[in-house]
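Below: one structure in structure tokens.
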Amino acid sequence: MNYRICIALIVLAALCGFAAAVTDDDSDPASQISVTGITKSPETLMPGDQGFITVKITNSGEESASIDRAKLYTDDLVVVNDNAYEVVGDIGAKNSMEFTFLVEAGPAEGIFYPSFYLDFGMSGSLRTSIPVIVDDTAPQVSLLGVPETFTDGKTEDITVRVGNTRDGELSAVTITPVTDGIMSDQTSYFVGVLRKDESAEVPFAITPDEEGDLTFVVDYRNGVNVHSTTVSIPMNFGTDKTSAVLVVNEVEVSLSGSTTTVSGDVTNAGLEEAYSVMVTVGDPATPTNPNPIAVIGALEPDDFSGFEVTYTMQGAGEVPVLVTYKDQDGNIYEEEFSVSGSSAFDADGDALAERNFAAGGPGGARGSMSSMGSGFAQIPFIPIILGILLIAGGLVAWRKGYLARARDGIRTRLHKEK
């Protein structure tokens, strides 16, 4: 009996000791500490980038806990401030504490898992893995509204679109045209922040004066890291298929006193409206009053308008007819057409007989001259029309019997006079 009582007492003592041990472990302040937050800046690194990993811990117990040190272990990243938390100290009850590590990505892309480690000394430790993404994806940059060909001195509206396809925001996004031989309405444009899957469109008015590559640079920040990407397109000069095309025709050149007059029509054979259209003449002719310049104004596609310009010139020769106009951006263009002309004086200043000169000579870069106007001008339209009217009136009078009645009346009057 005594033997059995002794064994029971031994078992009871062992159970009491185990219970005490469990109670002591559960009441260990270190066991009440947990990781309650992890933040990364930037969210995704690019190869070679530096970023911050911040780990937040919280003591949910009723007593302070002692922390010897905190570490971030990794074989894939470089921890720049590896020894920042070799000595930590106590964390109070219901309090939180943050540990921030500066890491640097290597050249490889992928998902890596550095391990956050808390050392509680004799009370044990805490370990948590943190996923870190390294991705070399750059923002997408494209150009909108690019013409098939560019024109020297003509302004084109080109839009730069920037889209963020990364897992995380980009900041300080700036777009800059860097091409030599152009003029731009903006030297750069600050977009600011682009969050994941956001995009921005920025218009630039580009005026080239030489051929080359049109290049835009997009600078941006991924966290504290500065990056840039470029987009380029060839900028070749050619004929704009949609621009205004001015043609001069129905031209007539005539003398009037001491001046010569050139007249005709200006037609817009293009697909865009021409603005501030004016017509004058160039050397060796000298524009003079009363009409040194013919101001036409705007010409819509397929529209035309007449003009008349007076000038003086010594002797006969080719006279350049100059047509200037503007496009919707205010760019000025000039077309030159040749006409055979003369003046009231020869090369020695002697007076010449008044005469008409038909238009002729080669056309300009975009048009040609016509002599139809001067040919029609020499047809005697008025006498022909009057003759036709007289004949028609005579036929009507004959069919109605008016002629017979008039004849009989004349005979009767003559008979009475006799």
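Looking at (1) touching a residue at least 40 places away in the same chain (Cβ under 8 Å); (2) assigned to a strand (DSSP E or B); (3) within 17 Å of the chain's Cα centre (by Cα), can you tell me which one ALA172 breaks?
ALA172 satisfies all of (1) touching a residue at least 40 places away in the same chain (Cβ under 8 Å); (2) assigned to a strand (DSSP E or B); (3) within 17 Å of the chain's Cα centre (by Cα) except (3).
Kindly indicate the residue of the stretch 300-314 that is within 37 Å of the chain's Cα centre (by Cα) and part of a strand (DSSP E or B) and also nearest to SER243 (Cα to Cα) among those meeting that condition.
Out of the qualifying residues, it is PHE304.
Turning to a different aspect of this structure: List every residue pair whose Cβ atoms sit under 9 Å apart, with the two residues 6 or more apart in sequence or on different chains, where the first one lies in the stretch 293-305 and is closer than 18 Å to VAL321 by Cβ and the second, anywhere, is assigned to a loop (DSSP other than H, G, I, E, B).
Filtered contacts from the stretch 293-305: LEU299/ALA244; LEU299/GLU273.
Which residue is farthest from GLN328 (Cα to Cα), if the candidates are limited to the stretch 257-290 and must be assigned to a strand (DSSP E or B) and hydrophobic (A, V, I, L, M, F, W, C)?
By that ranking, first place goes to VAL262.
Just give me the residues in the stretch 137-169 being part of a strand (DSSP E or B) and small (Gly, Ala, Ser), in sequence order.
SER142, GLY163
With the requirement that a residue be of a type in the set (S, T, N, Q) and not in a strand (DSSP E or B), what does the stretch 319-336 give you?
GLN328, ASN331, listed by residue number.
Looking at the stretch 175-210 only, could you name the residues that are closer than 19 Å to GLY51 by Cα and not in a loop (DSSP other than H, G, I, E, B)?
Residues satisfying the conditions are VAL193, LEU194.
Could you tell me whether any residue of the stretch 189-206 is polar (S, T, N, Q) and open to solvent by less than 60 Å² (accessible area, probe 1.4 Å)?
no
Also: Does the stretch 147-173 hold any residues that are under 28 Å from ASP209 (Cα atoms), open to solvent by 50 Å² or more (accessible area, probe 1.4 Å) and modelled with pLDDT under 95, and which are they?
GLU148, ASP152, ASP157
Going through the stretch 47-71 one residue at a time, which ones are under 20 Å from GLY168 (Cβ atoms) and open to solvent by less than 10 Å² (accessible area, probe 1.4 Å)?
ASP49, GLY51, ILE53, VAL55
For the stretch 211-253, name all the residues that are part of a loop (DSSP other than H, G, I, E, B), open to solvent by 40 Å² or more (accessible area, probe 1.4 Å) and charged (D, E, K, R).
Passing the criteria: GLU211, LYS241.
Filter the stretch 120-136 down to residues that are modelled with pLDDT of 95 or more and part of a loop (DSSP other than H, G, I, E, B) and give me whichever is least open to solvent (accessible area, probe 1.4 Å).
ILE130
Only residues in the stretch 137-151 that are of a type in the set (A, V, I, L, M) count as the first member; pair them with residues that are in a loop (DSSP other than H, G, I, E, B) and surrounded by fewer than 15 Cβ atoms within 10 Å (Cβ to Cβ), Cβ under 7 angstrom, at least 6 apart or cross-chain, and list the lot.
Listed pairs, sorted by first residue: none to list.
While we're on this one: Take the residues of the stretch 262-272 that are touching a strand residue (DSSP E or B) at 6+ places or on another chain (Cβ under 7 Å) and surrounded by fewer than 17 Cβ atoms within 10 Å (Cβ to Cβ): which is nearest to PHE307 (Cα to Cα)?
Going through the qualifying residues, I end up with ASP265.
Hey, among the residues in the stretch 90-119 that are of a type in the set (D, E, K, R) and assigned to a strand (DSSP E or B), which one's nearest to the chain's Cα centre (by Cα)?
That would be GLU104.
Quick check on the stretch 63-73. Is at least one of its residues hydroxyl-bearing (Ser, Thr, Tyr), within 14 Å of LYS40 (Cβ to Cβ) and assigned to a loop (DSSP other than H, G, I, E, B)?
Checked the stretch 63-73: no residue is hydroxyl-bearing (Ser, Thr, Tyr), within 14 Å of LYS40 (Cβ to Cβ) and assigned to a loop (DSSP other than H, G, I, E, B).
The values are calculated or read from the model by the stated rules, or taken from the named source; none is laboratory data. Keep in mind the model is a prediction, meaning the values are calculated, not measured. Glycine also receives a Cβ, built like all others from the backbone with ideal geometry; neighbour counts cover every protein chain displayed. What goes into the accessible areas is simple: the full protein's heavy atoms, side chains included, and nothing from ligands, DNA or RNA. Shrake-Rupley method; radii C 1.70, N 1.55, O 1.52, S 1.80 Å.
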